[in-house]
1. If we scan the stretch 275-283, do we find a residue that is without any contact (Cβ under 8 Å) to a residue 40 or more places away in the chain, under 28 Å from Leu220 (Cα atoms), loosely packed, with under 14 Cβ neighbours inside 10 Å and assigned by TED's automatic domain parsing to the domain that holds Leu205?
2. Of the residues that sit in the stretch 32-74 and are under 25 Å from His136 (Cα atoms) and in contact with a Phe, Trp or Tyr (Cβ under 8 Å, 6 or more places away or on another chain), which one is modelled with the lowest pLDDT?
3. Provide a single number: the residues in the stretch 330-353 that are basic (Lys, Arg) and touching a residue at least 12 places away in the same chain (Cβ under 8 Å).
4. Any chance you could count how many residues in the stretch 1-25 are of a type outside the set (Val, Ile, Thr), under 15 Å from Ser85 (Cα atoms) and part of a loop (DSSP other than H, G, I, E, B)?
5. With the structure loaded, tell me whether Asn44 is without any contact (Cβ under 8 Å) to a residue 60 or more places away in the chain and more than 13 Å from Trp104 (Cα to Cα) or whether it fails that test.
6. What number of residues within the stretch 307-316 are free of Cβ contacts under 8 Å to residues at least 40 places away in the same chain and either in contact with a strand residue (DSSP E or B) (Cβ under 8 Å, 6 or more places away or on another chain) or not β-branched (Val, Ile, Thr) (or both)?
7. In the stretch 6-43, which residues are loosely packed, with under 14 Cβ neighbours inside 10 Å and touching a helix residue (DSSP H, G or I) at 6+ places or on another chain (Cβ under 6 Å)?
8. Determine which member of the set Lys132, Lys159, Lys154 is basic (Lys, Arg), surrounded by fewer than 21 Cβ atoms within 10 Å (Cβ to Cβ) and either under 18 Å from Ile212 (Cα atoms) or touching a residue at least 40 places away in the same chain (Cβ under 8 Å) (or both).
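The values are calculated or read from the model by the stated rules, or taken from the named source; none is laboratory data. Just so it is clear, the model here is predicted, and its values are computed rather than measured. Heads up, the Cβs are rebuilt from the backbone with ideal geometry, glycines too, and the neighbour counts pull from every protein chain shown.
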Amino acid sequence: MPESIDIHKFLELRTTLPVLDARSEGEYTHAHIPGAKNLPLLNNEEREKVGTCYKQKGREEAVLLGFDLVGGKFGDYIRKAKAISNIEQGMSNAEQPQIIVYCWRGGMRSNIMAWLLERVGMKVYLLQGGYKTYRHFALNEFAEPLKLFVLGGKTGSGKTEVLHEMKKAGEQVIDLEGLAHHRGSAFGALGQPVQPTTEQFENYLALELVQIDRNKTLWLENESSKIGGVKIPDGIYNKMRATNVVEIEVSLDRRISNIANGYASFPKDKLTEATKRIEKKLGNKNMNDALNYLNENDFYNWIKILLDYYDKAYTFSKSQRAPGTVLNVPITSENHSEIAVAVISFAKQRMER
């Protein structure tokens, strides 16, 4: 018999065992438990057929149709599951493979897959309640209290790079833009993988949160409520808006240099397209001037025009925070690692007061 495990045991075992998602490709693509591999018991088309049969003829006929559709593929399922298990665990064929299986709510699809894999000697764990259990866990994580600091600064200040340096120095950091596959501006998708759905972003974020020590400070980057097309969960965003922002101030020239280093190498048509996206914010004249500078490879003046808009937007957002919650860090360097040291020291002094 497969061993039924709760979400806490699942989170422990998933760090060493492979995880199979037995749902359809469409369900998996929309959102899944991070790290899980998709091995659909029913593919998209088959799932639709079974669902239609259930509505028209009832459960028994739907179950029989399901077995008709998948019965001839049992051998393929076994081979793929064993291959995933052996590869991820670094096992020889002589050892007993172990695997975790889940479906939508821990029902028929995962139980059939578990039964099948056990027939060939695999040790199978079933997540109680399936993917719905993980979603419940994820949403609960966002409601839990956090000791939070937000790192702020105008566009081009190098906040993400500073946070990475802080993480190297031992601070707890979650890179929201990294999880969202977007750098948070009209240009933020350039050079990034396709963004996850908001639900998948939440799944990634929940797994990051469960690994932190909530008695210690967590650092996040100051963001809008959406990063590209991905929405930050309300439970986290509300905490970000309510906590202190530790703000770094970097010279305009350094900010322009940082942005140029990050974006100037992208194809001109992509940069033009992104610039046109904020025409309403820039105004037609500023956009045309910016595009002229871009076409002349005058990246300095192109970026300077863009920053006029982004700086106004940032200043307005900052003005909406409670008085006294934006704390400026005195920095004497524009080196990311040295700024990180200054930020850590500043925050420690604030906490000791």
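1. no
2. Restricting to residues being under 25 Å from His136 (Cα atoms) and in contact with a Phe, Trp or Tyr (Cβ under 8 Å, 6 or more places away or on another chain), the top hit is Leu41.
3. To start, the set of residues in the stretch 330-353 that are basic (Lys, Arg) comprises 348, 350, 353.
From the residues that got through so far, the ones that are touching a residue at least 12 places away in the same chain (Cβ under 8 Å) too are 350.
Of the residues in that region, 1 qualify.
4. Step one: filter the stretch 1-25 for residues of a type outside the set (Val, Ile, Thr), giving 1-4, 6, 8-14, 17-18, 20-25.
Now drop any that are not under 15 Å from Ser85 (Cα atoms), which leaves 13-14, 17-18, 20-22.
Those left that are additionally part of a loop (DSSP other than H, G, I, E, B): 14, 17-18, 22.
Residues meeting the conditions: 4.
5. Working: without any contact (Cβ under 8 Å) to a residue 60 or more places away in the chain: yes; more than 13 Å from Trp104 (Cα to Cα): yes.
Yes.
6. To start, the set of residues in the stretch 307-316 that are free of Cβ contacts under 8 Å to residues at least 40 places away in the same chain comprises 308-309, 312-313, 315-316.
Within this subset, residues satisfying the condition of being either in contact with a strand residue (DSSP E or B) (Cβ under 8 Å, 6 or more places away or on another chain) or not β-branched (Val, Ile, Thr) (or both) are 308-309, 312-313, 316.
Residues that pass the stated criteria total 5.
7. Residue satisfying the conditions is Gly26 alone.
8. Details: Lys132 fails: either under 18 Å from Ile212 (Cα atoms) or touching a residue at least 40 places away in the same chain (Cβ under 8 Å) (or both); Lys159 fails: surrounded by fewer than 21 Cβ atoms within 10 Å (Cβ to Cβ).
When all the criteria are applied, what remains is Lys154.
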